Ligand SMILES: NC(=O)c1ccc[n+]([C@@H]2O[C@H](COP(=O)([O-])OP(=O)(O)OC[C@H]3O[C@@H](n4cnc5c(N)ncnc54)[C@H](O)[C@@H]3O)[C@@H](O)[C@H]2O)c1
C-alpha cells in the first residue's frame, strides 16, 4: 500500500492488520474513535479485490460507526473490522476463533458484531475466544438478530419524519414503498401494515417477495426499484444496498420522505442538497438504522429486549431534534445529524477532566 494509513489522513486512532497463515485469516480492525467509550461495530466478511479496497472500506465504515453510536446516545466509540475473502469458502471455526483472539488482544478497545457475511452463529464461535463480542444468539445470552430493532427504529424514524412534514406521526393511509424486503425490510413491512399504511414492495429475490405476500396479502409489488421510485408514493424506504439515491433517482422520485434501513444511501456528496431543494425530507440513514446497534450493545449489560426496544424508540425523538436543528441552521438533515454527533463526541470526553476522587 503506497499511501498507507497515515497518508490517507483518515483521523483514525488505531488500525490493526491481523494475519494467521494456517486458517487464511487476513483481517483489518479499524478503531476510529474511543472518545465516548470502547469502539463497537460489526465484522464484514467480503472478497475484496485488493487489500487497499478492504482498508478503504474499513476506514469509512468505522468512522460511520463512531457517528452512528454517538448520535444513538450510546457510550460507545466507533470501530469496524473486515475479513478479506469469500465467506462461503474461507469461513471456518478455526478462522473465526483466530480472529476472536485478535479482537481479544485489543483488550476491549474494539467490540465486534455481525455485518455483511457474518451471522449470529459466527459471533457465538468468536465468543469462545473473546468477551468483546455482541450479536450472539439468544441461547448464549446475546441479543440475537439485530434486524428486529433496526426495522423498529426505521419505523420510528418514519413516524418522526411524517410528523415533521405533515404535522402528525400517523402513517395510516400513507403510501410507502419498500425496496428490499430481506431481514429488515420484511419486518418493517409488518410495522407499516399494522399502522394502516398502503405498502408497495420490490426485491430482486423472488423468495423474499413470496414471504411478504404470504404474511401480508394486501401488499402490492412492482418489478424493480426503478419502478418503485417512479411510483406514486408518500414515503420511500431503501432497505437493500447502499447508493440508492443518485442524481437520476432524485430526479424521478415522487415521495416526499426518504427513510430506510440501507447504509450509505446517498450515492455521492451533494445528493442531500438536491433532495432538500426538491422538498424531499431525507431521514439520515445512520440515525434511523441505529436500532440494530442499540439492540446488540444492550448485550453488554445483559440483554433485555424491552429495555433495548425503549432505547430504540428514542430514534423518534432524535430524528425530530435533527430535523429541528436542520431547519434552525438551514442545512440538510444529514448535516445536522453529523453536527449533533460531532458535538457529543467533542463535549463528553471533556468531562474526564473533572476528577471524581
Ligand atoms: N440487519 C441489520 O440489523 C441492519 C442494521 C443497520 C443497517 N442495515 C442495512 O439495511 C440494509 C438491509 O439489511 P438486511 O439485513 O435486511 O439485508 P438482507 O440481505 O437480509 O436484505 C436485503 C434485501 O435486498 C434485496 N435486494 C438486493 N438488491 C436489490 C435491488 N437492487 N433491488 C431490490 N432489492 C434488492 C435482497 O434480495 C434482500 O432480500 C443493508 O443495507 C444493511 O447494511 C441492516
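The values are calculated or read from the model by the stated rules, or taken from the named source; none is laboratory data. Given the structure is predicted, the values throughout are model-derived calculations rather than measurements. Please note: Cβ atoms are built from the backbone with ideal geometry, for glycine as well, and neighbour counts cover all protein chains shown.
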Scan segment 129-152 and give yes if some residue there is within 16 Å of the ligand (Cβ to nearest atom), under 22 Å from residue 229 (Cα atoms) and part of a loop (DSSP other than H, G, I, E, B), otherwise no. no
Going residue by residue through segment 229-241, is there one that turns out to be buried (at least 23 other Cβ atoms within 10 Å of the Cβ) and assigned to a helix (DSSP H, G or I)? yes
Just to be sure before I move on: is residue 261 closer than 18 Å to residue 290 by Cα, at pLDDT 95 or above and within 12 Å of the ligand (Cβ to nearest atom) in the structure I sent? yes
When only residues in segment 108-123 that are without any contact (Cβ under 8 Å) to a residue 24 or more places away in the chain and surrounded by fewer than 18 Cβ atoms within 10 Å (Cβ to Cβ) count, which is nearest to the ligand (Cβ to nearest atom)? 119
Mind listing just one residue for me: the one in segment 166-213 that is closer than 20 Å to residue 290 by Cα and part of a strand (DSSP E or B) and, of those, nearest to the ligand (Cβ to nearest atom)? 179
Among the residues of segment 267-286, count how many are assigned to a helix (DSSP H, G or I), more than 12 Å from the ligand (Cβ to nearest atom) and in contact (Cβ under 8 Å) with a residue 24 or more places away in the chain. 6
Among the residues of segment 336-354, is any closer than 24 Å to residue 254 by Cβ and at pLDDT 95 or above? no
Return yes or no: is residue 51 touching a strand residue (DSSP E or B) at 6+ places or on another chain (Cβ under 9 Å) and either surrounded by fewer than 18 Cβ atoms within 10 Å (Cβ to Cβ) or assigned by TED's automatic domain parsing to the domain that holds residue 292 (or both)? yes
Quick test for you: out of 75, 56, pick the one residue that is part of a loop (DSSP other than H, G, I, E, B), over 21 Å from residue 24 (Cβ atoms) and more than 14 Å from the ligand (Cβ to nearest atom). 75
